[in-house]
Amino acid sequence: MAWLGCLGYGTARDLKRIDREPLEAGISLIEGYAVVAAPPKTKSPHPPADSACRLPVHVAQALDTHTYFKVIVGGSFNELGRVAQLARVFAMAGAHALDVSAHPAVVQATLTALDTLPADVARPMVMASFPLDDDPHFRKIQLNRPDCIDCGACLPVCPTRVFDLDAVSGHLHVDEPLCYGCGRCLPVCPTTALDLDAFVLRDGLVQVLADDRVESVEIHSAQADCYLIERCFDDLGPLLAGKYISFCYRPAGLETTHNRAVIETLSRLIPGRFMIQVDGNPMSATSDAQSSRPAIEAALALSPLLRDYPQVDLTVSGGINAHTAHWLRQTMDSSTGKIQPIQVIQGLGMGTFARHWVWDALDASAHPDDAVEQARALLAPFCFPSRHSPC
Ligand code: SF4
Ligand code: SF4
């Protein structure tokens, strides 16, 4: 188990330095991305559904028809009651996969919610995510109480209202479960009162991976270091066997040789079908029309490298919102000419935007079906072939 120290959650690295870098920095489209001359990955028959992993048939069909829709219902965000509500609502609405951090309590809340689904609803695939390194998706706010001067500067910048000032005492109150680790609050704090700690811990990860009800895992990586990828599989191999594996990273800005090495390394380590999820504008929590373009353009740029890897499913995340359906069907420029992104991108993962989309309906309505209808309205433009909203 020497590889332990390579995981972000196993290190003593000072994440604060990294966190103070604005998340948006350096994520402008695909600047610096090496131009690739080969044609993009074209639709090619995928291997028949897998003997090597337990990818559910309806999820495989969604990937094959480029209509896969995943909702990140509980990353670092771990308000368990809300995670359970979100899991059930998006399952009822037809999501193909639910992504949660590999934290036992979060996974259990999701599984318990799925146990309450009606028999005619297709159960989404449960995907447990963990960091390979100091990936920013797995962080949780920590308040160093003695350093806080209760100035309130952190309140307006937090997208999920983690902070509040007590009306009587005036002291800062921190609702930690609501935090999803975006880092926006750190630069505005005039003292050293705020910090971010790693969220997923190894003991919990092992427990989650041993659960057969978790069909899929997603490995997040900020650096996409092939050595760390190999060590991860050396260390966790038996626990990963039989799971459908997704590798989430940001290829934009990396050299072509680096991206090629990542694909080759994963293909050597994973028998059969797996996913590369291209991250674009992580944790942007925005409804901005342009926010999904970095992920889409990076996926288009990566696509030619996947031409000889039909076992790789290509999806996008980071900045995904209601506008993404439009961009997927637009004709866009790639390094090889004009292309519709939906021709090569098989689906998406939507996080903060999706959670916020149904948040008010969950708060305001006594009828859970209202939130389900709200969720369906989000999914509908992506044309989901679910039992409830056939294409
Ligand atoms: S701004 Fe981001 S990191 Fe800070 S408390 Fe809110 S969600 Fe957490
Ligand atoms: S900005 Fe910093 S000092 Fe001010 S209330 Fe927030 S945590 Fe406390």
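Residues are listed down the side, and each one gets a yes or a no for (1) farther than 19 Å from Ala95 by Cβ; (2) in contact with a Phe, Trp or Tyr (Cβ under 6 Å, 6 or more places away or on another chain):
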residue: Ala252; (1), (2): yes, yes
residue: Leu266; (1), (2): yes, yes
residue: Pro282; (1), (2): yes, no
residue: Val316; (1), (2): no, no
residue: Ser335; (1), (2): yes, no
Review point. Right, Leu132: among the aliphatic types (A, V, I, L, M) and crowded, with 22+ Cβ neighbours inside 10 Å or not?
Key: yes
Revision key, fill the gap. In the set Asp211, Asp203, the lone residue that is farther than 28 Å from Asn259 by Cβ, modelled with pLDDT under 95 and surrounded by fewer than 18 Cβ atoms within 10 Å (Cβ to Cβ) is Asp203
Review point. If we scan the range 244-252, do we find a residue that is over 24 Å from Ala301 (Cβ atoms), at pLDDT 95 or above and outside the structural domain of Gly75 (by TED's automatic domain parsing)?
Key: no
Practice item. Kindly indicate whether any position in the range 31-45 is modelled with pLDDT of 50 or more and either under 18 Å from the mean Cα position of the chain (by Cα) or under 23 Å from Leu379 (Cβ atoms) (or both). Key: no
Revision key, fill the gap. A careful count of residues in the range 136-150 that are more than 15 Å from ligand 1 (Cβ to nearest atom) and part of a loop (DSSP other than H, G, I, E, B) gives 2
Exercise for review: Those residues that are under 18 Å from Pro282 (Cβ atoms), touching a residue at least 60 places away in the same chain (Cβ under 8 Å) and surrounded by 22 or more Cβ atoms within 10 Å (Cβ to Cβ), I need them from the range 224-255; list them, please.
Suggested key: Ser246, Cys248, Arg250, Pro251, Ala252
Exercise for review: Select from the range 155-164 the residues that are more than 7 Å from ligand 1 (Cβ to nearest atom) and assigned to a loop (DSSP other than H, G, I, E, B) and list them in ascending order.
Suggested key: Leu155, Pro156, Arg161
Point to revise | Exclusive hit being in contact (Cβ under 8 Å) with a residue 40 or more places away in the chain and among the hydroxyl-bearing types (Ser, Thr, Tyr), set Ser291, Ser317 | key: Ser317
Point to revise | the range 173-198, residues that are more than 9 Å from ligand 1 (Cβ to nearest atom), out of contact with any strand residue (DSSP E or B) (no Cβ under 6 Å at 6 or more places or on another chain) and either assigned by TED's automatic domain parsing to the domain that holds Asn281 or modelled with pLDDT under 95 (or both) | key: Pro177, Thr192, Ala198
Practice item. Working carefully through the options Asp120, Asp133, find the one that is over 27 Å from Val217 (Cβ atoms), away from ligand 1 (no atom under 16 Å from the Cβ) and part of a loop (DSSP other than H, G, I, E, B). Key: Asp120
Exercise for review: For Val168, indicate whether it is more than 13 Å from ligand 2 (Cβ to nearest atom), more than 23 Å from the chain's Cα centre (by Cα) and not assigned by TED's automatic domain parsing to the domain that holds Gln85.
Suggested key: yes
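The values are calculated or read from the model by the stated rules, or taken from the named source; none is laboratory data. Predicted model, so just to flag it, every value in this text is computed and none were measured. All Cβ positions, even for glycine, are placed from backbone atoms using ideal geometry, and neighbour counts span all protein chains on display.
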